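Every number here is computed from the coordinates shown, using simple stated rules; none is lab data. These numbers were taken from a predicted model, which means no experiment stands behind them. Glycine gets a Cβ as well: all are built from the backbone with ideal geometry, and neighbour counts include every protein chain shown.
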Amino acid sequence: MQSSRATEIVTGAFVLFGFAALFFLVTQITNKDFSAGSSGGYILIANYQNVGSLKVGAPVSMSGVTVGRVEEITYDQQQYRAVVKMRINGSFDRIPEDSDASIMTAGLLGGQYISVTAGGSDQFFKSGGQFMVVQDALVLENLINKLAASFSAK
C-alpha cells in the first residue's frame with residue numbers, strides 16, 4: 001500500500017512539472033517582452049480594417065530587427081477601424097514618413113507582429129505620426145471560407 005501511494009505522488013508531481021514546463025514554453029513563444037522600460041521612445045499610429053490576433057506587446061520590426069512594441073489597440077467608432085499605437089525605441093528615429101506597416105504572422109503557429117517597410121522620403125516620423133499605407137492581417141479562416149465558396153460555386 002505504501003509504495004502505491006509514493007508512486008501516485010511521484011506521478012502527480014511529474015504531471016505538474018510537465019504543465020509548468022508547457023506554460024513556460026507558451027509564454028516564450030508569444031514573443032512578449034515583460035520588461036518595465038516601456039516609457040522611452042516615441043509613438044506611431046496605424047489604422048487597420050482587421051488586426052487579426054495582434055496583441056499589445058507584439059513586436060514592431062524593420063528588416064527583422066525589433067524597433068518597438070505595440071502599446072495599445074483600440075477601436076475608432078467614427079472610422080470603423082482598429083487603431084494601433086506603437087512605441088518605437090528612440091534610437092530608431094529615422095523611419096521615413098512614407099513607410100508602410102503590415103501585420104504579419106511569425107511562422108505557422110506564431111504570434112502576429114507589425115513589419116515596417118521603409119519608404120524613400122527624406123522626412124522622418126515624429127511622435128504621433130501616422131502610417132498612411134497599411135496592410136491588414138491575413139486571417140486564415142477568411143481564406144478557407146473563400147476557397148470553400150469558390151469550390152462550391154463550380
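The number of residues in region 115-137 being assigned to a loop (DSSP other than H, G, I, E, B), under 19 Å from Met104 (Cβ atoms) and either under 21 Å from the mean Cα position of the chain (by Cα) or hydrophobic (A, V, I, L, M, F, W, C) (or both) comes to 5. Restricted to region 110-154, and to residues there that are free of Cβ contacts under 8 Å to residues at least 24 places away in the same chain and touching a Ser or Thr at 6+ places or on another chain (Cβ under 9 Å), the residue that is nearest to Val26 (Cα to Cα) is Leu140. Name every residue in region 36-94 that is surrounded by 12 or more Cβ atoms within 10 Å (Cβ to Cβ) and without any contact (Cβ under 8 Å) to a residue 24 or more places away in the chain, in order of residue number. Answer for region 36-94, where residues must be surrounded by 12 or more Cβ atoms within 10 Å (Cβ to Cβ) and without any contact (Cβ under 8 Å) to a residue 24 or more places away in the chain: Val56, Thr66, Glu72, Ile73.
Scanning region 110-124 for residues that are under 21 Å from Gly57 (Cβ atoms) and among the hydrophobic types (A, V, I, L, M, F, W, C), which turns out surrounded by the fewest Cβ atoms within 10 Å (Cβ to Cβ)? So the residue we want is Val116.
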